[in-house]
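Worksheet for the structure shown next.
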Amino acid sequence: MSTATTTTSAAPGSGRARTAAGIVRVAALQARIELRRRFLRWTAVSFLVPPVVLYLVFRFLDLDLFGGADVVRSVLAGFAAASMFIGGIVGIASELVTEQEDGSVLRAKTLPFGMATYLSGKLIALSVTNFVALVLILISSDLVIGGILPRDPAGWIGLTGLAVLTLACTVPLGATLGSLVSSPFAVLPLSLAAYGLMLISGVFFPVALLPDWIQLCVSFFPVYWLGELARAVLLPGFVLGGGEFALAIVVPLAWGVLGMLLAPRALGAMSRRQSGRRLETIQERRTQRGY
């Protein structure tokens with residue numbers, strides 16, 4: 001009797017474990033295929049453009065024009081976090097919209113475990129892509145000005161933690177926004193808003209130069225705090241106070257939690273919209289209008 005009871009009670013848990021393991025396994029396979037497509041085609045050259053441009057700028061221009069090496073390092077550290085923020089929100093949103101248009105999301109419903117596998121694979125591929133792009137930028141900058149790339153395991157652990165925190169707070173929001181829009185043109189306002197927020201969040205110049213009310217508004221968004229956290233991780237002389245460090249963790253996490261609360265319902269609605277008839281309508285529109 002006790003054996004049967006134990007087996008029956010353990011079955012639901014073991015079933016969930018097998019499902020989770022199956023999702024991870026298929027998602028990892030999907031991510032590997034997508035990463036090969038991103039990095040083993042000629043389009044992978046685009047990942048080298050920002051690092052090469054930064055290298056040439058800092059190699060042939062006088063750093064004093066930008067305020068000196070220390071100012072440049074501070075900007076680069078903030079830009080590192082901001083670029084991951086943009087990649088997390090705009091990247092996943094634009095991919096979801098594009099793949100609704102070309103039928104990839106509809107086909108994903110036929111995968112084992114369906115949308116859970118599709119989205120998990122996207123998350124893995126996007127995380128690896130953003131981290132590689134970030135490291136390439138840091139390497140090219142470090143070759144010229146030095147003092148920006150982590151020099152010890154603790155520094156790399158901190159940088160990895162920053163990347164995980166950034167993606168945790170941005171990908172759920174990006175997935176939510178990407179699932180709510182149905183046209184590639186709708187991604188443009190989202191991109192402009194994200195870049196505008198990056199511009200006023202102290203990435204390229206001190207936020208203290210802005211009016212007090214803008215500083216207050218910026219402090220409620222994750223970009224500013226991620227930039228401060230990046231400087232604390234990458235710049236040895238930059239130290240966040242205890243309260244500021246806590247805010248640099250809590251504010252991005254709060255946005256991540258908000259995204260995770262909103263994403264399931266939005267993604268569920270997106271999944272239900274996908275149908276052969278909808279895809280046919282999109283293709284007819286492209287034929288008639290060219291987009």
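The values are calculated or read from the model by the stated rules, or taken from the named source; none is laboratory data. Here the structure is a predicted model, which is why all the values come from computation and not from measurement. FYI the Cβ positions are ideal-geometry reconstructions off the backbone, even for glycines, and counts take in every protein chain you see.
Of note:
- Whether a residue is surrounded by 13 or more Cβ atoms within 10 Å (Cβ to Cβ) and under 17 Å from I86 (Cβ atoms) was assessed, and L190 passes this test.
- Of the residues making up segment 61-90, just one is polar (S, T, N, Q) and surrounded by fewer than 22 Cβ atoms within 10 Å (Cβ to Cβ), namely S83.
- Against the criterion of being assigned to a helix (DSSP H, G or I) and within 20 Å of the chain's Cα centre (by Cα), A168 qualifies.
- Within segment 175-227, if we keep just the residues that are in contact with a Pro (Cβ under 7 Å, 6 or more places away or on another chain) and touching a residue at least 40 places away in the same chain (Cβ under 8 Å), the residue that is farthest from L261 (Cα to Cα) turns out to be L226.
- Count of residues meeting criterion [small (G, A, S), touching a helix residue (DSSP H, G or I) at 6+ places or on another chain (Cβ under 8 Å) and part of a helix (DSSP H, G or I)] in segment 181-219: 4
- Residues (aliphatic (A, V, I, L, M), within 21 Å of V105 (Cα to Cα) and surrounded by 20 or more Cβ atoms within 10 Å (Cβ to Cβ)) located in segment 248-270: A263, L267, M270
- Any hit, segment 135-149, residues being more than 13 Å from the chain's Cα centre (by Cα), free of Cβ contacts under 8 Å to residues at least 60 places away in the same chain and under 28 Å from I23 (Cα atoms): no
- Matching residues in segment 233-261 - criterion: being part of a helix (DSSP H, G or I), more than 17 Å from the chain's Cα centre (by Cα) and in contact (Cβ under 8 Å) with a residue 60 or more places away in the chain: V233, L234
- Test: residue in segment 235-242 that is at pLDDT 85 or above and not hydroxyl-bearing (S, T, Y): yes
- Residue ID - modelled with the lowest pLDDT, chosen from residues in segment 109-139 that are closer than 15 Å to A28 by Cβ and among the aliphatic types (A, V, I, L, M): L111
- Subset of segment 82-115 [without any contact (Cβ under 8 Å) to a residue 12 or more places away in the chain and outside any helix (DSSP H, G or I)]: D102, T110
- Qualifying residue in segment 30-37 (condition: of a type in the set (V, I, T) and in contact (Cβ under 8 Å) with a residue 24 or more places away in the chain): no
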